[in-house]
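Worksheet: the structure to be examined is printed underneath.
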Amino acid sequence: MTATHTPRRSHGTSQLWAGGLTVFAAVMLGITGVVGVLRGIMAIAEDDVFLTTPNYVFQFDLTGWGWIHLVLGAVAIVVSFGLFKVATWARVTGVAIAALVVIANFLSLPYYPAWSILMIAMSGFVIWALCVVKPDDVA
């Protein structure tokens, strides 16, 4: 009888993947934050790049949307720096902030559809990357 050898991932390989996904999430969340801050500034300044939809269910003042995106973007940038340090609080907060960014961009789809879809996709990747990494792999 011969013994079969099933290849197993080494602990080093899983740590590399975990570290890579955490860096990916940190970079994506940082980019999401910067874009959110810039979008917030544009909305606060009431720039002409935004669409107006008179019959939209979730109508807010454009300046109000600007402040929401500005604050979420600033917090996302801070959390992305925490992710580079592999802090547990940053992983949990990163998922929460990315989820809030998804919700805020879904609600602001009529104002700037292209950026909203891009931000939803980027935040989805951040959530995926932060949720797929096991805490014991990142050390």
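Please pick out the residue among 63, 53 that is within 21 Å of residue 107 (Cβ to Cβ), over 21 Å from the mean Cα position of the chain (by Cα), in a helix (DSSP H, G or I) and at pLDDT below 90.
The unique qualifying residue is 63.
Tell me which residues, restricted to segment 85-132, are more than 17 Å from residue 34 (Cα to Cα) and touching a Phe, Trp or Tyr at 6+ places or on another chain (Cβ under 7 Å).
Once the filter is applied, which keeps residues that are more than 17 Å from residue 34 (Cα to Cα) and touching a Phe, Trp or Tyr at 6+ places or on another chain (Cβ under 7 Å), segment 85-132 yields 107, 108, 110, 111, 129.
Just one of (1) in contact (Cβ under 8 Å) with a residue 12 or more places away in the chain; (2) part of a helix (DSSP H, G or I) trips up residue 121, so point out which.
(1)
Counting only residues that are among the small types (Gly, Ala, Ser), touching a Leu at 6+ places or on another chain (Cβ under 9 Å) and under 15 Å from residue 31 (Cα atoms), how many does segment 61-100 have?
Number of matching residues: 5.
Determine which member of the set 40, 20, 36 is at pLDDT below 90 and surrounded by fewer than 16 Cβ atoms within 10 Å (Cβ to Cβ).
Residue meeting the stated conditions: 20.
The values are calculated or read from the model by the stated rules, or taken from the named source; none is laboratory data. The shown structure was predicted, so the numbers you read here are calculated from the model rather than taken from an experiment. A quick note on method: Cβ atoms are made from the backbone with ideal geometry, for glycine too, and the neighbour counts reach across all protein chains shown.
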